[in-house]
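Novice: Have a look at this one.
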Amino acid sequence: MPTVFIDGEAGTTGLGIRERLAGLPVTLLSIDPALRKEEASRQTLMREADVLILCLPDEAARRAVTLAESLGEAAPRILDASSANRVAPGWTYGFAELTAAQPARIAAARHVSNPGCYATGAIALLRPLTESGLLPPDTPISINAVSGYSGGGNQMIAAHEAEGGPAYELYALGLDHKHVPETMVHGGLSRRPVFVPSVGHFRQGMLVSIPLHLDILPSRPTGADLRQALAAHYEDSETVRVMPGGASRLQPAEFAGTDVLELHVFAEEAARQAVLVARLDNLGKGASGAAVQNLKLMLGLNG
(Lines give C-alpha, C1' and ligand atoms only; values in the text may rest on other atoms or scores of the structure.)
Protein backbone atom coordinates (compact mmCIF):
# COMPACT_ATOMS: atom_id res chain seq x y z
CA MET A 1 0.00 0.00 0.00
CA PRO A 2 1.15 3.59 -0.57
CA THR A 3 2.63 5.31 2.47
CA VAL A 4 1.61 8.74 3.80
CA PHE A 5 3.32 10.92 6.39
CA ILE A 6 1.39 13.85 7.89
CA ASP A 7 3.86 16.43 9.16
CA GLY A 8 1.79 18.27 11.76
CA GLU A 9 -0.70 15.48 12.35
CA ALA A 10 -1.67 16.70 15.85
CA GLY A 11 -3.35 19.87 14.56
CA THR A 12 -7.01 20.26 13.64
CA THR A 13 -6.50 19.61 9.91
CA GLY A 14 -4.05 16.77 10.52
CA LEU A 15 -6.42 15.02 12.90
CA GLY A 16 -9.24 15.37 10.38
CA ILE A 17 -7.08 13.83 7.66
CA ARG A 18 -6.07 10.93 9.92
CA GLU A 19 -9.72 10.20 10.65
CA ARG A 20 -10.63 10.20 6.95
CA LEU A 21 -7.68 7.97 6.03
CA ALA A 22 -8.98 5.17 8.25
CA GLY A 23 -11.03 3.65 5.43
CA LEU A 24 -8.43 4.01 2.67
CA PRO A 25 -5.81 1.46 1.54
CA VAL A 26 -2.82 3.49 2.71
CA THR A 27 -0.17 3.02 5.38
CA LEU A 28 0.08 6.03 7.68
CA LEU A 29 3.51 6.84 9.07
CA SER A 30 3.49 8.56 12.47
CA ILE A 31 6.27 10.30 14.32
CA ASP A 32 6.96 10.03 18.03
CA PRO A 33 5.46 13.24 19.51
CA ALA A 34 8.76 13.87 21.31
CA LEU A 35 10.54 13.97 17.93
CA ARG A 36 8.05 16.01 15.94
CA LYS A 37 10.35 19.06 15.81
CA GLU A 38 13.53 17.13 15.01
CA GLU A 39 14.34 17.54 11.34
CA ALA A 40 16.37 14.35 11.07
CA SER A 41 13.50 12.23 12.41
CA ARG A 42 10.97 13.94 10.18
CA GLN A 43 13.20 13.56 7.15
CA THR A 44 13.55 9.84 7.80
CA LEU A 45 9.77 9.48 7.55
CA MET A 46 9.67 11.76 4.50
CA ARG A 47 12.09 9.38 2.80
CA GLU A 48 9.76 6.45 3.52
CA ALA A 49 6.61 8.21 2.35
CA ASP A 50 5.04 8.22 -1.09
CA VAL A 51 3.13 11.39 -0.18
CA LEU A 52 4.01 13.96 2.45
CA ILE A 53 1.08 16.00 3.76
CA LEU A 54 2.00 19.29 5.43
CA CYS A 55 -0.32 20.58 8.16
CA LEU A 56 2.00 23.31 9.40
CA PRO A 57 2.16 27.12 9.65
CA ASP A 58 3.32 28.72 6.42
CA GLU A 59 6.98 29.28 7.27
CA ALA A 60 7.32 25.81 8.78
CA ALA A 61 5.71 24.37 5.65
CA ARG A 62 8.26 26.13 3.44
CA ARG A 63 11.08 24.69 5.55
CA ALA A 64 9.51 21.24 5.35
CA VAL A 65 9.37 21.46 1.55
CA THR A 66 13.07 22.32 1.48
CA LEU A 67 13.80 19.42 3.83
CA ALA A 68 11.85 16.99 1.68
CA GLU A 69 13.30 18.23 -1.60
CA SER A 70 16.84 17.79 -0.25
CA LEU A 71 16.22 14.04 -0.51
CA GLY A 72 16.58 14.30 -4.28
CA GLU A 73 15.16 11.29 -6.09
CA ALA A 74 13.92 9.88 -2.78
CA ALA A 75 11.76 12.96 -2.15
CA PRO A 76 8.05 12.25 -1.69
CA ARG A 77 5.23 13.97 -3.50
CA ILE A 78 3.89 16.82 -1.37
CA LEU A 79 0.38 17.95 -0.49
CA ASP A 80 0.60 21.25 1.38
CA ALA A 81 -2.40 22.26 3.51
CA SER A 82 -0.82 25.60 4.47
CA SER A 83 -1.28 28.80 2.48
CA ALA A 84 2.42 28.99 1.63
CA ASN A 85 2.19 27.67 -1.93
CA ARG A 86 -1.32 28.30 -3.21
CA VAL A 87 -0.19 30.72 -5.91
CA ALA A 88 3.45 29.60 -6.11
CA PRO A 89 4.97 28.53 -9.44
CA GLY A 90 5.32 24.78 -9.80
CA TRP A 91 2.39 23.98 -7.50
CA THR A 92 -0.95 22.59 -8.68
CA TYR A 93 -4.00 24.06 -6.97
CA GLY A 94 -5.94 21.34 -5.20
CA PHE A 95 -9.51 22.38 -5.94
CA ALA A 96 -10.50 19.42 -8.08
CA GLU A 97 -13.66 21.12 -9.37
CA LEU A 98 -11.78 24.19 -10.65
CA THR A 99 -11.88 22.98 -14.28
CA ALA A 100 -12.66 19.73 -16.06
CA ALA A 101 -8.92 19.10 -16.41
CA GLN A 102 -7.99 19.82 -12.79
CA PRO A 103 -8.37 16.26 -11.43
CA ALA A 104 -5.87 15.00 -14.00
CA ARG A 105 -3.47 17.81 -13.14
CA ILE A 106 -3.68 16.93 -9.45
CA ALA A 107 -3.22 13.24 -10.19
CA ALA A 108 0.00 13.93 -12.11
CA ALA A 109 1.44 16.65 -9.87
CA ARG A 110 4.37 16.27 -7.52
CA HIS A 111 3.41 19.38 -5.56
CA VAL A 112 -0.25 20.10 -4.71
CA SER A 113 -1.49 23.01 -2.59
CA ASN A 114 -4.72 22.46 -0.66
CA PRO A 115 -7.13 25.43 -0.95
CA GLY A 116 -8.08 27.69 1.93
CA CYS A 117 -11.54 27.26 3.43
CA TYR A 118 -12.87 30.72 2.58
CA ALA A 119 -11.23 30.59 -0.84
CA THR A 120 -12.91 27.26 -1.58
CA GLY A 121 -16.35 28.83 -1.21
CA ALA A 122 -15.46 32.04 -3.04
CA ILE A 123 -13.71 30.34 -5.96
CA ALA A 124 -16.50 27.80 -6.32
CA LEU A 125 -18.90 30.70 -6.87
CA LEU A 126 -16.64 32.94 -8.94
CA ARG A 127 -14.73 30.69 -11.34
CA PRO A 128 -17.73 29.44 -13.37
CA LEU A 129 -18.97 33.02 -13.75
CA THR A 130 -15.65 34.56 -14.81
CA GLU A 131 -14.97 31.58 -17.09
CA SER A 132 -18.37 31.89 -18.79
CA GLY A 133 -18.06 35.66 -19.23
CA LEU A 134 -21.01 36.51 -16.98
CA LEU A 135 -18.70 38.20 -14.46
CA PRO A 136 -15.88 40.30 -15.96
CA PRO A 137 -12.58 39.79 -14.09
CA ASP A 138 -12.36 43.47 -13.15
CA THR A 139 -15.83 43.63 -11.56
CA PRO A 140 -15.64 45.32 -8.14
CA ILE A 141 -16.96 42.76 -5.67
CA SER A 142 -17.04 42.16 -1.95
CA ILE A 143 -16.89 38.76 -0.25
CA ASN A 144 -18.38 38.30 3.19
CA ALA A 145 -17.88 35.12 5.18
CA VAL A 146 -18.50 33.59 8.58
CA SER A 147 -16.70 30.51 9.85
CA GLY A 148 -16.83 28.27 12.86
CA TYR A 149 -14.10 28.96 15.37
CA SER A 150 -12.37 25.60 14.86
CA GLY A 151 -10.36 26.96 11.95
CA GLY A 152 -8.74 29.72 13.98
CA GLY A 153 -6.12 27.75 15.88
CA ASN A 154 -5.73 26.82 19.52
CA GLN A 155 -5.97 30.34 20.93
CA MET A 156 -9.25 31.10 19.16
CA ILE A 157 -10.70 27.68 20.03
CA ALA A 158 -9.86 28.22 23.69
CA ALA A 159 -11.42 31.69 23.67
CA HIS A 160 -14.69 30.44 22.18
CA GLU A 161 -14.91 27.34 24.34
CA ALA A 162 -14.31 29.28 27.56
CA GLU A 163 -17.33 30.44 29.52
CA GLY A 164 -18.54 33.75 28.12
CA GLY A 165 -16.68 33.33 24.82
CA PRO A 166 -17.30 35.89 22.05
CA ALA A 167 -20.57 35.58 20.12
CA TYR A 168 -19.22 36.98 16.85
CA GLU A 169 -16.05 38.67 15.62
CA LEU A 170 -14.96 40.49 12.49
CA TYR A 171 -11.25 40.11 11.86
CA ALA A 172 -8.51 40.74 9.25
CA LEU A 173 -9.75 44.31 9.08
CA GLY A 174 -6.46 45.36 7.54
CA LEU A 175 -8.02 43.85 4.38
CA ASP A 176 -4.97 41.64 3.80
CA HIS A 177 -6.31 38.17 4.56
CA LYS A 178 -4.05 35.40 3.22
CA HIS A 179 -6.86 33.82 1.16
CA VAL A 180 -7.23 36.88 -1.09
CA PRO A 181 -4.36 36.08 -3.52
CA GLU A 182 -5.58 32.55 -4.26
CA THR A 183 -9.17 33.79 -4.58
CA MET A 184 -8.06 36.27 -7.23
CA VAL A 185 -5.79 33.92 -9.17
CA HIS A 186 -8.01 30.84 -9.16
CA GLY A 187 -11.32 32.70 -9.14
CA GLY A 188 -10.34 34.54 -12.32
CA LEU A 189 -10.35 38.06 -10.87
CA SER A 190 -8.10 40.89 -11.98
CA ARG A 191 -9.47 43.42 -9.45
CA ARG A 192 -8.78 42.75 -5.77
CA PRO A 193 -12.04 41.98 -3.94
CA VAL A 194 -12.94 43.43 -0.55
CA PHE A 195 -12.91 40.39 1.72
CA VAL A 196 -14.55 40.59 5.16
CA PRO A 197 -14.16 37.37 7.19
CA SER A 198 -15.76 36.73 10.55
CA VAL A 199 -16.02 34.04 13.21
CA GLY A 200 -19.21 32.91 14.92
CA HIS A 201 -19.71 31.14 18.22
CA PHE A 202 -20.09 27.68 16.67
CA ARG A 203 -17.42 25.05 16.15
CA GLN A 204 -17.71 24.02 12.49
CA GLY A 205 -19.37 25.32 9.36
CA MET A 206 -19.05 28.24 6.97
CA LEU A 207 -21.04 30.61 4.79
CA VAL A 208 -19.34 32.64 2.03
CA SER A 209 -21.53 35.25 0.33
CA ILE A 210 -20.97 37.56 -2.64
CA PRO A 211 -23.54 40.30 -3.38
CA LEU A 212 -23.88 41.46 -6.97
CA HIS A 213 -25.56 44.38 -8.75
CA LEU A 214 -26.69 42.65 -11.93
CA ASP A 215 -27.09 45.85 -13.92
CA ILE A 216 -23.38 46.69 -13.73
CA LEU A 217 -22.49 43.39 -15.43
CA PRO A 218 -22.19 43.81 -19.23
CA SER A 219 -24.25 40.71 -20.00
CA ARG A 220 -27.02 41.87 -17.63
CA PRO A 221 -27.64 38.31 -16.40
CA THR A 222 -30.61 37.11 -14.41
CA GLY A 223 -30.37 35.02 -11.29
CA ALA A 224 -31.35 32.03 -13.43
CA ASP A 225 -28.40 32.73 -15.76
CA LEU A 226 -25.99 32.70 -12.81
CA ARG A 227 -27.48 29.51 -11.39
CA GLN A 228 -27.32 27.79 -14.79
CA ALA A 229 -23.64 28.66 -15.19
CA LEU A 230 -22.89 27.14 -11.79
CA ALA A 231 -25.01 24.07 -12.50
CA ALA A 232 -23.29 23.45 -15.84
CA HIS A 233 -19.85 23.76 -14.29
CA TYR A 234 -20.55 21.28 -11.48
CA GLU A 235 -22.95 18.89 -13.19
CA ASP A 236 -20.56 15.93 -12.78
CA SER A 237 -19.33 16.75 -9.28
CA GLU A 238 -19.96 14.35 -6.42
CA THR A 239 -19.31 16.94 -3.71
CA VAL A 240 -20.55 20.28 -5.10
CA ARG A 241 -24.31 20.82 -5.15
CA VAL A 242 -25.99 23.73 -6.92
CA MET A 243 -29.33 24.34 -5.26
CA PRO A 244 -32.51 25.38 -7.10
CA GLY A 245 -33.36 28.25 -4.76
CA GLY A 246 -36.30 28.81 -2.47
CA ALA A 247 -34.52 28.97 0.89
CA SER A 248 -35.20 32.02 3.01
CA ARG A 249 -32.35 31.53 5.49
CA LEU A 250 -29.19 29.43 5.77
CA GLN A 251 -27.43 28.06 8.84
CA PRO A 252 -23.63 27.73 8.49
CA ALA A 253 -23.24 24.44 10.38
CA GLU A 254 -25.56 22.35 8.21
CA PHE A 255 -22.72 20.30 6.73
CA ALA A 256 -20.41 20.06 9.75
CA GLY A 257 -18.54 16.78 9.59
CA THR A 258 -19.12 16.32 5.85
CA ASP A 259 -17.26 17.15 2.64
CA VAL A 260 -20.25 18.75 0.89
CA LEU A 261 -20.05 22.16 -0.78
CA GLU A 262 -23.47 23.69 -1.46
CA LEU A 263 -23.99 26.70 -3.76
CA HIS A 264 -26.99 29.06 -3.87
CA VAL A 265 -28.10 31.99 -6.00
CA PHE A 266 -30.64 34.35 -4.44
CA ALA A 267 -31.97 37.06 -6.75
CA GLU A 268 -34.47 39.92 -6.69
CA GLU A 269 -35.05 40.56 -10.36
CA ALA A 270 -37.06 43.76 -9.87
CA ALA A 271 -34.14 45.32 -7.97
CA ARG A 272 -31.57 43.63 -10.25
CA GLN A 273 -29.65 42.32 -7.27
CA ALA A 274 -28.31 38.88 -6.40
CA VAL A 275 -26.40 37.20 -3.61
CA LEU A 276 -24.26 34.13 -4.24
CA VAL A 277 -23.74 31.86 -1.24
CA ALA A 278 -21.48 28.88 -0.61
CA ARG A 279 -22.04 26.66 2.42
CA LEU A 280 -19.47 24.12 3.57
CA ASP A 281 -17.67 22.71 6.58
CA ASN A 282 -14.50 24.71 7.16
CA LEU A 283 -12.83 21.48 8.38
CA GLY A 284 -14.34 19.28 5.66
CA LYS A 285 -14.33 20.48 2.06
CA GLY A 286 -12.57 23.55 3.46
CA ALA A 287 -9.60 21.58 4.83
CA SER A 288 -9.25 17.87 5.66
CA GLY A 289 -11.90 16.65 3.24
CA ALA A 290 -10.29 18.46 0.33
CA ALA A 291 -6.87 17.13 1.34
CA VAL A 292 -8.09 13.53 1.26
CA GLN A 293 -9.88 14.16 -2.04
CA ASN A 294 -6.55 15.37 -3.46
CA LEU A 295 -4.62 12.49 -1.90
CA LYS A 296 -6.95 9.97 -3.52
CA LEU A 297 -6.36 11.61 -6.88
CA MET A 298 -2.60 11.62 -6.37
CA LEU A 299 -2.58 7.94 -5.43
CA GLY A 300 -5.10 6.83 -8.04
CA LEU A 301 -7.60 5.72 -5.39
CA ASN A 302 -10.69 7.32 -6.94
CA GLY A 303 -13.25 5.19 -8.71
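Novice: How about segment 16-27: which of its residues are out of contact with any helix residue (DSSP H, G or I) (no Cβ under 8 Å at 6 or more places or on another chain) and under 14 Å from residue 81 (Cβ atoms)?
Specialist: The one that is out of contact with any helix residue (DSSP H, G or I) (no Cβ under 8 Å at 6 or more places or on another chain) and under 14 Å from residue 81 (Cβ atoms): 18.
Novice: Which ones in segment 147-169 are open to solvent by less than 30 Å² (accessible area, probe 1.4 Å) and touching a strand residue (DSSP E or B) at 6+ places or on another chain (Cβ under 6 Å)?
Specialist: 147, 149
Novice: Could you please find all residues in segment 170-185 being farther than 14 Å from residue 115 by Cα and either open to solvent by 70 Å² or more (accessible area, probe 1.4 Å) or touching a helix residue (DSSP H, G or I) at 6+ places or on another chain (Cβ under 7 Å) (or both)?
Specialist: 170, 171, 173, 175, 176
Novice: Would you call residue 87 open to solvent by 60 Å² or more (accessible area, probe 1.4 Å), under 20 Å from the mean Cα position of the chain (by Cα), closer than 29 Å to residue 204 by Cβ and touching a residue at least 12 places away in the same chain (Cβ under 8 Å)?
Specialist: Yes, satisfied.
Novice: Same structure again: For segment 18-27, check the following and say yes or no: at least one residue is of a type in the set (Gly, Ala, Ser), within 22 Å of the chain's Cα centre (by Cα), closer than 25 Å to residue 116 by Cα and crowded, with 16+ Cβ neighbours inside 10 Å.
Specialist: Scanning segment 18-27 turns up no residue that is of a type in the set (Gly, Ala, Ser), within 22 Å of the chain's Cα centre (by Cα), closer than 25 Å to residue 116 by Cα and crowded, with 16+ Cβ neighbours inside 10 Å.
Novice: Sticking with this one: Show the residue pairs that are 6+ apart or on different chains and have beta-carbon atoms under 6 Å apart, the first residue being within segment 156-182 and more than 23 Å from residue 86 (Cβ to Cβ), the second being of a type in the set (Gly, Ala, Ser) and not in a loop (DSSP other than H, G, I, E, B).
Specialist: Cβ pairs passing all conditions: 165/159; 168/200; 170/198.
The values are calculated or read from the model by the stated rules, or taken from the named source; none is laboratory data. Keep in mind it's a predicted model, so treat the numbers as computed, not measured. So basically every Cβ, Gly included, is an ideal-geometry build from the backbone, and we count neighbours across all protein chains shown. Protein only, heavy atoms only, side chains kept; ligands, DNA and RNA dropped before computing areas. Shrake-Rupley method; radii C 1.70, N 1.55, O 1.52, S 1.80 Å.
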